[in-house]
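A quick write-up on the structure given underneath.
The values are calculated or read from the model by the stated rules, or taken from the named source; none is laboratory data. The structure displayed is predicted, hence computed values, not measured ones. Methodologically, a virtual Cβ is constructed for each residue, glycine included, from the backbone with ideal geometry; neighbour enumeration extends over all protein chains shown.
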Amino acid sequence: MNGNFLDTSAIVKRYHKEVGSDVLDRVFELEAGFVTYFWTVLEFIVAFSFMVRRKELSREAFNTVISLFLKEVLDMFIITSVNDELVASATLIAIKQLCRQQIVFN
């Protein structure tokens, strides 16, 4: 599986203008292949539904955003699952990095 992995926070920047949105727009202009998780698709939809509930986004705008997102994700992304082995491996790497950096949680 080859491609540039994008997580939820990165993809949200594509559809909700905030710090970093311009960088992500340039990444999309490259038309490179992208990879994300099914979980990311769910998180994206939930994030924008919260915006509707908080009245930060109209239902009409929500429908437009979700339609555009689903079209792009189906056309430009490989969507894969997350398995427990992958999460466990990534967690151990993160913990080792924290220990090496001697980061203390307060």
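Quick notes on this structure:
- Looking across region 24-62, the residues that are surrounded by 11 or more Cβ atoms within 10 Å (Cβ to Cβ), at pLDDT below 90 and over 15 Å from Leu74 (Cβ atoms) come down to Leu24, Asp25, Val27, Ala32, Trp39.
- Pick from region 73-94, criterion in contact with a strand residue (DSSP E or B) (Cβ under 9 Å, 6 or more places away or on another chain) and part of a helix (DSSP H, G or I), ranking: surrounded by the fewest Cβ atoms within 10 Å (Cβ to Cβ): Met76
- Ile78 meets each of the listed conditions (1) closer than 18 Å to Gly3 by Cβ; (2) in contact with a helix residue (DSSP H, G or I) (Cβ under 6 Å, 6 or more places away or on another chain); (3) modelled with pLDDT of 85 or more apart from (2).
- When residues of region 8-17 are limited to those that are closer than 25 Å to Val82 by Cβ and not small (Gly, Ala, Ser), the one surrounded by the fewest Cβ atoms within 10 Å (Cβ to Cβ): His16
- Taking residues in region 30-55 that are on the phi < 0 side of the Ramachandran plot and assigned to a helix (DSSP H, G or I), and partners anywhere that are surrounded by 12 or more Cβ atoms within 10 Å (Cβ to Cβ) and acidic (Asp, Glu), the pairs with Cβ atoms closer than 8 Å and at least 6 places apart or on different chains are Thr40/Asp7.
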